[in-house]
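Worksheet: one structure, shown below.
The values are calculated or read from the model by the stated rules, or taken from the named source; none is laboratory data. Please read all numbers here as calculations on a predicted model, not as lab measurements. Cβ placement follows ideal geometry from the backbone for every residue including glycine, while neighbour counts extend to all protein chains displayed.
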Amino acid sequence: MKNKMKKQICSIIAMVLAVSMFLPYTCLTAEAKASYDTKHTTQLSFETLMTSAFVKQMDADVVYKEIRLGIEYGALSEGDIRHLYENMDTTIQAEVLGRLYTEGLISSYLYKYLFGGNLTASDLSKVFNATEYADLNPDVKASLGYNEALLFQHFLLNGLTEGRVSSKAFNIQYYRTNYPDLVKLYGDQLGLYYQHYLLYGEFEGRVADKLLK
């Protein structure tokens, strides 16, 4: 009886520790009520903490569960997942991301970004809407009308690099004006602003449909 109770207590403690790893905070700081005097203010992103956890070979099911928890607790963006997968020091099996994609936990855009595949308008729906793209770009509309396939092709081949406003939900001009940090990072590489919003921006709560005061 004592051994059974001991096992139950250990299991509860283990569960509490596991859940605490995925609390919805994207960084930790040494100033967070440390039990000793310290002046350290170094912040570690959740992605950085996950990287150390995946350095060694781990069972795919364990990796899946940990990433799933990170997603559900709002601690991992799709950009973080991409970086973890591409990081040579970490081990995230392709089957794990395939499972997350099948279950709708990661987007088709991220999945195709990592493993290839022809992008569709629906993959980029957070930054592109064919009808709105036509209405917001009269010269394109005059040439292509409302032909969704041609409008999407124009967006991929021309709109991205030209910095065209691609939907009411995503206005690249507003996005650049609202966030000087991105301009400092990407400069005139306009296509990267769309990518940033897909992988990080929406997750971070960045505003792309209006100018911030």
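Listed values, structure above:
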quantity: Pairs, first among the acidic types (Asp, Glu) in segment 102-128, second outside any helix (DSSP H, G or I), C-beta under 9 Å, six or more apart; calculated: 123/107; 123/117
quantity: Candidates 212, 198, 192, filtered to the one that is part of a loop (DSSP other than H, G, I, E, B), of a type outside the set (S, T, N, Q) and outside the structural domain of residue 77 (by TED's automatic domain parsing); calculated: 212
quantity: Those residues of segment 177-202 which are closer than 13 Å to residue 162 by Cα and among the aliphatic types (A, V, I, L, M), in sequence order; calculated: 190, 192
quantity: Residue, surrounded by the most Cβ atoms within 10 Å (Cβ to Cβ), within segment 143-161, restricted to residues that are over 23 Å from the mean Cα position of the chain (by Cα) and among the small types (Gly, Ala, Ser); calculated: 143
quantity: Residues within segment 169-188 that are closer than 28 Å to residue 75 by Cα, exposed (fewer than 12 other Cβ atoms within 10 Å of the Cβ) and not small (Gly, Ala, Ser), tallied; calculated: 3
quantity: Matching option when the condition is in the same structural domain as residue 164 (by TED's automatic domain parsing) and among the charged types (D, E, K, R), among 112, 126; calculated: 126
quantity: Segment 80-94, subset aliphatic (A, V, I, L, M) and assigned to a helix (DSSP H, G or I), residue modelled with the lowest pLDDT; calculated: 84
